[in-house]
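A quick write-up on the structure given underneath.
The values are calculated or read from the model by the stated rules, or taken from the named source; none is laboratory data. Everything quoted here is computed from the prediction, not taken from an experiment. Here the Cβ positions follow ideal geometry from the backbone for every residue, glycine too, while neighbour counts run over all protein chains shown. Areas reflect the complete protein model, heavy atoms only, side chains present, ligands, DNA and RNA absent. Shrake-Rupley method; radii C 1.70, N 1.55, O 1.52, S 1.80 Å.
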Amino acid sequence: MAKILIVDDAKFMRLTLTNILKKANHEIVGEAENGKEAIQLFNELNPDLVTMDITMPEMSGLEAMKIIRKDSPSAKIVMCSAMGQQKMVVEAIEAGAKDFIVKPFDEIRVLDAVTRVLN
Ligand SMILES: [Mg+2]
């Protein structure tokens, strides 16, 4: 069981991830809808893991991850991408993302990634 921060500008995506993760007994400690909020909530909540959407208004997930990892190099961040974002996924992994999950979310893949990154 981990404390997880969910970051996505789409409410439906946050809801989908919340349902999947809660079923596996994880605690959703916060939700953010852009990169700026993500940084703020990360610092406030100190979650065990962050699911981070790539494309968001105000500040992208990629940018937010880089800033979070500068202060907290051990932050565990799983990127959430849409189909066709391979280039950004590669950039995210190079910048320190621990794994990525692709939308539409598949429950088993989400839990696999989260479990692997937490261990
Ligand atoms: Mg998005």
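Please quote Rg/Rh for the range 1-52 to two decimal places, taking the Kirkwood radius as Rh and restricting both calculations to Cα atoms.
Ratio of gyration radius to Kirkwood radius for the range 1-52: 0.94.
Compute the FRET efficiency between ALA82 and ASN46 as 1/(1 + (r/R0)^6), taking r as their Cβ-Cβ distance and R0 = 22 Å, and round to the nearest 0.05.
0.20
Calculated from DSSP H runs of 4 or more alone, at -39500 (n - 2.57) each and per residue, what is the 222 nm mean residue ellipticity of the chain, nearest 500?
Mean residue ellipticity, 222 nm, calculated: -14500 deg cm²/dmol.
What fraction of the Cα pairs in the chain, stated in percent, has a spacing above 26 angstrom?
7
How many nm is it between the label spots at LYS22 and THR115, if each spot is 7 Å from the Cα in line with the beta carbon?
Spacing of the two 7 Å Cα→Cβ label points: 2.1 nm.
How large is the dipole of the chain about the Cα centre if only Lys and Arg carry +1 and Asp and Glu carry -1, each at its Cβ, rounded to the nearest 20 debye?
240
State which entries of LYS23/LYS87; LYS11/LYS66; LYS3/LYS36 exceed 26 angstrom in Cα-Cα distance in the structure shown.
LYS23/LYS87
For the chain, what's the relative contact order in percent, using C-alpha pairs closer than 8 Å and at least 6 residues apart?
Computed over the chain, the figure is 23 percent.
Give the accessible surface of the chain per residue, rounded to a whole number of Å², with probe radius 1.4 Å and ligands, DNA and RNA excluded.
54
When the Kirkwood hydrodynamic radius is evaluated over all pairs of different C-alpha atoms of the range 42-96, what value in angstrom, to one decimal, is obtained?
Roughly 11.5 Å, rounded to one decimal.
What whole-number distance in Å separates the alpha-carbon centres of the range 1-49 and the range 55-119?
12
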